[in-house]
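A.B. asks: Here it is, the structure in full.
Just so you know, all these numbers are worked out from the coordinates, no wet-lab data involved. Computed from a prediction, not measured in an experiment: that's the story for all the values here. Note: ideal-geometry Cβ built from the backbone for every residue, glycine included; neighbour counts use all protein chains shown.
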Amino acid sequence: MMCIHLEVAISEAFASFNRDRVFIATNSVSIFGVHMAETATQDSGFETVFRDSKDGLAIFKDGYFVDCNQSMLDLVGASKREDFIGLTPFDFSPEFQYDGQSSADKGMQLIERCYNEGSVRFEWIHKKFNGEPFWTEVILTKMVLNGEVVVHANWRDISEKKDLELKIAEQKETFETLFNESLDGLSVFDGKQYTDCNKAFVRMFGFSSKEEVIGIHPSQVSPEYQPDGRTSKEAAQEVIKGSLGQGVHNRFEWMHKKVDGTEFWTEVILTKVTLNGVDSIYAVIRDISEKKDLEFRLEQQKRTFETLFEESLDGMTIYDGRQYLDCNKAFVSMMGFESKEDIIGLSPLAISPELQADGSISFERAIELNTEIIENGHARFEWVHKKTDGTEFWTEIIVNTIVLNGEEVFFTTTRDITEKKELELKIADQKLTFETLFNESEDGLTFFDGEKYLDCNKAFLKLMGFKHKDEVIGLNPVLVSPVYQPDGRTTAEHFEERAAEVFENGSFRCEWVHKKTDGTEFWTELIVGLLSLNGREVTYSITRDISDKKELELEIVERNAELESTIENLKQTQDKLVESEKMASLGSLVAGVAHEINTPVGVGLMGITQFVEERDKLNRRYQNGELTEQDLEDFLGSSQDIADIVKKNLDRTAQLVKGFKQIAVDQTSEEDREINLKEYLEEIVFSLGSVVRKANAEVVIDCPIDINVYTNPGLISQVFTNLIMNSIHHGFDGKDSGTIGITVNDLGDRAFDIRYRDDGKGISSLNLPKIFDPFFTTNRGKGGTGLGLNVTYNIVTNVLGGTIECRSEEGQGVEFLIGLHVKERA
């Protein structure tokens, strides 16, 4: 229906311009064709143009097409003229045009203009028979043909032109977006002043808006002088002249200045452009302050690397895979050359023996290592080098691939490890010696992992009556002992006690009854200790047959029985004297013990009592169904605090008991292990953190980080704990704060000098000689036992085999000078 109404409307519109005659579409074609034929002579030129034009041409009258050329048919995708004739222009138009107007309304307006003005030219979206839209430029011309008013339509396909215009518009929009949104500062300069800039430019220089930028000269956003000493104005005119006058494309670094006066580095790219007929400069400005800072740091790093390279005690070289390119002084000295020029150009093989220590050819081994370095980028290995005098020596070499001046090279660090290799050789010799001693010893030797024998020597096999060690390995020591020991207790009970003792004290020595494979029981002396074997902690035992000794002891006992009655009276008298002396010492000891242990035990008891109350309270809430998550969290937090308090005071009690033991100066039975001295001292101080903080004290440790030793850490801990507690309880008593300093000096080998000092009250000259005496204290009324420094003295001098000396003046603090010798360095 819409199509019919549209055709009627068109027909009526055209009829208003040509009321003389009305044609229907089919009749118009035939009549127009007759007329065209009758006037062939007059219009032959028009027909030729009409027929051969590359533009689509058509004649329409009264709103309908009455004729067209082949180009029009090609344009709309028609196969023959009959498909086109009789249709209206709106049959080849979409419902709406690009501006949103309906094609019918806009088309009627244009046709009306054509009739009124004689001709009209416009752009139009048409569509083909298959519905495909395309852009055309349309020229409608009113003309009289064979005495009738018609409209001549010229359609030209401008789809490509419109696509190009669209792309240009998109490019313009893209450029404007890039210009305005670029993170680089962009500006346009006409030789005298800025004419435009983007937001990044405004932000970069600290302006509020681009209006503040437009109209100013570049020198106004630059300092007076550039880093090369030229004035900014002079330098700017030079680059402006080059860019505008010679069209030079400039790229350079420039020091700019923000509105607040801050100077900053930029990279500037200038390009000559023509905008609206005016030669201008398009500038791209990028803030490179970070880059310049990195360049500065890189230069510093380069100088640092060069300094480290040259001054390193390790030999360092740069090697390109064929020859040395550079080396440091240490490498020159290590290899016995006079200068680096003697080394540069040499191959590493030139300073290597023909064969390496393992018998491999140096050349072949070097090829293998080069392959490994190329594949992995690094390598670490030991290598035998040869000095200029022919001396061969061991080195450890670390190789890394680096980029130097754009090329991959090898950076090597070479360290002389001759002493290390000699030590390894000594260790190997010691191992061989140990194995020889183990196998050839006359005493029975075994290794035991806590459950079974791991190994034994020939003497042990002979002692027990075995033929092969395979019969021993896997057995438990209880199986080579009788069921009961001479004291009537079972061997199993004794064994469990002894096993616990060795792990607690590190070793033990006892007499033991063993049983041979034939059932014969015999006395032995056992020496058992701990050691590390292949990374495992095991016990070793020395078993010696003492049957003859025990028989002799029995004989001696029998002979001495006669003498016992003779000396009994004398012994009783002596015992009374000794007992009297003991009781005098015991009285002082008990006083100290009772006072010192009372507080931690009391605190522990109070903590446990509170814990029981908290537990009962929680249990009642649970039984009553009132227990909440918060109650449980509160209980866990409270119980943790109570547990910490109880543990701390029980630990204190244990330490006191242990301290009283030390009075007898017994050898320590705790295990030696490897410690880092600085880290262990820090752990001791950390463990005393609450006490130190309560006293408002500070402990400063000055100790090299690389001191690793084998020693008894428990004893070290007790020494410094006692010293620190002594400073806090005595030195800082009555003071608001205090400072403790611990300085460790490495004297080489296994010796260390440790200085402990505080800035407390000091010790009077009267008391100074007595500070290491047992039970001597000036603070007994406040809990002092007088054992701390005595135990410290005994540990240092008797157990650790060192020395300790105290220096002090009243009011000048105290200083302890401790000399230590550890068992070995790690």
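A.B. asks: Which value, in Å³ per residue, describes the convex hull spanned by the Cα atoms of segment 87-179? Before the final figure, lay out the partial values.
C.D. replies: Numbers: hull volume 11.0 nm³, N = 93.
Taking only Cα atoms, segment 87-179 has a hull volume of 119 Å³ per residue.
A.B. asks: Order of 539-551, 496-508, 753-765 by packing, highest average Cβ count within 10 Å first?
C.D. replies: Top of the packing list down: 753-765, 539-551, 496-508.
A.B. asks: I'm a student and want to see the number: the projected area of the Cα convex hull of segment 667-825, averaged over all directions, in nm².
C.D. replies: Details: hull surface 35.3 nm².
Projected area, direction-averaged: 8.8 nm².
A.B. asks: Also, quick follow-up: Given axes a ≥ b ≥ c from the Cα gyration tensor, I'd like to know whether segment 300-445 is rounded (a/c under 1.5), prolate (a/b larger than b/c) or oblate.
C.D. replies: The shape class here is prolate.
A.B. asks: Hand me the GluC sites (Glu not before Pro) from segment 194-247 located in a DSSP loop with no more than 12 other Cβ atoms within 10 Å, in residue order please.
C.D. replies: Loop-located and lightly packed - Glu224.
A.B. asks: Using a ≥ b ≥ c from the Cα gyration tensor of segment 425-474 (square roots of the eigenvalues), is it rounded, prolate or oblate, where a/c under 1.5 gives rounded and otherwise the larger of a/b and b/c decides, a/b for prolate? Could the numbers behind the result be given before it?
C.D. replies: Details: a/c = 2.85, a/b = 1.62, b/c = 1.76.
The shape class here is oblate.
A.B. asks: Let me ask another. For segment 90-146, run through the GluC sites (Glu not before Pro) and keep only the ones in DSSP coil with at most 10 other Cβ atoms within 10 Å of their Cβ.
C.D. replies: In loop regions of segment 90-146 (DSSP not H, G, I, E or B), the sparsely surrounded GluC sites (Glu not before Pro) are Glu95.
A.B. asks: Run the dipole for the chain about the Cα centre, Lys and Arg Cβ at +1, Asp and Glu Cβ at -1, nothing else charged, and hand back the magnitude in debye, nearest 20.
C.D. replies: Computed about the Cα centre, the dipole is about 1460 debye.
A.B. asks: A further question on this structure: Between segment 270-300 and segment 483-525, what is the separation of their alpha carbon centroids in Å?
C.D. replies: Each part's Cα centre sits 90 Å from the other's.
A.B. asks: Another one. Please report the net charge: other residues with Cβ closer than 12 Å to the Cβ of Gln610, K and R +1, D and E -1.
C.D. replies: In short, -2.
A.B. asks: Highest mean first, what order results for 624-631, 73-80 on Cβ atoms within 10 Å? Write down the numbers at each step before the final one.
C.D. replies: Working: 624-631: 9.5, 73-80: 16.4.
Sorting 624-631, 73-80 by mean packing, highest first, produces 73-80, 624-631.
A.B. asks: Under 19 Å between alpha carbons, and skipping anything fewer than 8 positions from Lys291 in its own chain: which aspartates and glutamates qualify?
C.D. replies: Asp184, Asp228, Glu253, Glu263, Glu267, Glu299
A.B. asks: Which order do the peptides 125-134, 728-737 take when ranked by the mean count of other beta-carbon atoms within 10 Å per residue, highest first?
C.D. replies: The most tightly packed comes first, giving 728-737, 125-134.
A.B. asks: Per residue, what volume in Å³ does the Cα convex hull of the chain take up? Walk me through the numbers before you get to the answer.
C.D. replies: Values: hull volume 407.4 nm³, N = 826.
Dividing the Cα hull volume of the chain by its residues yields 493 Å³.
A.B. asks: With respect to the cross-link table entries Lys127/Lys167; Lys162/Lys192; Lys458/Lys550; Lys329/Lys678; Lys302/Lys421; Lys431/Lys550, which display a Cα-Cα separation exceeding 30 Å?
C.D. replies: As for pairs spanning more than 30 Å Cα to Cα, those are Lys162/Lys192; Lys329/Lys678; Lys302/Lys421; Lys431/Lys550.
A.B. asks: Taking the Cβ of Cys510 as the center, what net charge do the other residues with Cβ under 11 Å away carry, scoring Lys and Arg +1 and Asp and Glu -1?
C.D. replies: Every neighbour counted, the sum reads -2.
A.B. asks: For segment 182-290, just say rounded, prolate or oblate: build the C-alpha gyration tensor, square-root its eigenvalues into a ≥ b ≥ c, call rounded for a/c under 1.5, and beyond that prolate if a/b exceeds b/c, oblate if not.
C.D. replies: Oblate.
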